[in-house]
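What follows is one structure encoded as structure tokens, with my remarks underneath.
The values are calculated or read from the model by the stated rules, or taken from the named source; none is laboratory data. In this text, all values refer to a predicted model and were calculated from it rather than measured experimentally. In this analysis, Cβ positions are derived from the backbone assuming ideal geometry, glycine residues included, and neighbour counts consider all displayed protein chains.
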Amino acid sequence: MNSNKNLSRIAGILYLFVIVGIIFGEFYVREKIIVWDDATATADNILAFEGLFRLGFVIDITAQACFLLMVLILYQLFKSVNKFHAMVMVSFVVVTVAIHSLNHLSEYAAMLIVKGAPSYLSVFSEWQLDALALFFLQIFTTGWDLNYVFFSLWLIPLGYLVLKSGSGWFTRVLGWWLMITCIALLFNFYMRFLYPGFYRNEIFMITGYMDASEIVFCLWLLFKGVDQKNVALNAPQ
């Protein structure tokens with residue numbers, strides 16, 4: 001019993017680092033450095049805040065490693081509820097971690113171009129190199145958005161496992177909330193790419209509020225954890 005509680009807390013700590021790492025990288029580092037309509041200003045910011053840029057990169061990659069370790073712990077905790085759903089959950093996270101990690105190559109390429117372009121790029125002028133760096137950052141952002149498909153889908157098996165693992169009203173609400181969050185995030189993705197003219201910040205805000213379910217899930221792991229007695233009662237016979 002205590003070992004499972006400890007595993008839940010470890011998973012919660014890892015997920016907390018993932019959440020904080022994503023928020024730090026997306027809403028502090030990149031918001032501070034990238035000026036989407038000014039390539040020169042973006043290049044100047046990368047040079048001026050190079051240490052911050054590198055720190056954000058390292059934290060992002062570390063967060064992905066923590067995400068992978070966290071879902072393996074969740075598999076151990078939830079496999080007795082439904083092993084197939086637990087495996088699907090792990091599979092989606094493995095894919096999203098792989099995509100997101102490789103996607104960071106585009107972000108790092110932007111810094112390499114600004115910091116000191118290789119000699120074979122000398123055919124480009126300085127402002128063209130700045131524009132190329134901003135283009136790579138745009139590719140990184142687009143890759144982030146595309147990865148939302150797999151990042152969203154892991155919430156379906158997770159929500160189902162949470163729903164089936166407990167008997168209290170809060171656990172049931174959290175399970176359904178996680179699954180609905182998946183639908184909201186997928187809606188955000190398809191609206192953004194299929195109907196860019198109709199896409200509004202309000203849609204992003206609504207899906208962002210729904211995504212708060214992941215923060216609640218993290219806190220649930222930290223302070224309550226998976227109750228193995230309820231898991232045993234609700235597990236398929």
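Structure above, values below:
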item: Matching entry among Val71, Val94 (being farther than 24 Å from Lys224 by Cα and surrounded by 15 or more Cβ atoms within 10 Å (Cβ to Cβ)); result: Val94
item: So Val173, is it surrounded by fewer than 16 Cβ atoms within 10 Å (Cβ to Cβ) and either over 28 Å from Trp36 (Cβ atoms) or free of Cβ contacts under 8 Å to residues at least 40 places away in the same chain (or both); result: yes
item: Conditions (1) surrounded by fewer than 17 Cβ atoms within 10 Å (Cβ to Cβ); (2) farther than 30 Å from Asp37 by Cα; (3) modelled with pLDDT under 90; number of the one not met by Gly166; result: (1)
item: Test: residue in segment 80-91 that is more than 26 Å from Leu146 (Cβ to Cβ), more than 14 Å from the chain's Cα centre (by Cα), in a loop (DSSP other than H, G, I, E, B) and not hydroxyl-bearing (Ser, Thr, Tyr); result: yes
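The rows are residues; the columns are (1) without any contact (Cβ under 8 Å) to a residue 24 or more places away in the chain; (2) among the aliphatic types (A, V, I, L, M); (3) in contact with a Ser or Thr (Cβ under 8 Å, 6 or more places away or on another chain).
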position	(1), (2), (3)
His104	no, no, no
Tyr108	no, no, no
Lys115	no, no, no
Tyr120	yes, no, no
Asp130	no, no, yes
Phe136	no, no, yes
Phe140	no, no, yes
Asp145	no, no, no
Phe151	no, no, yes
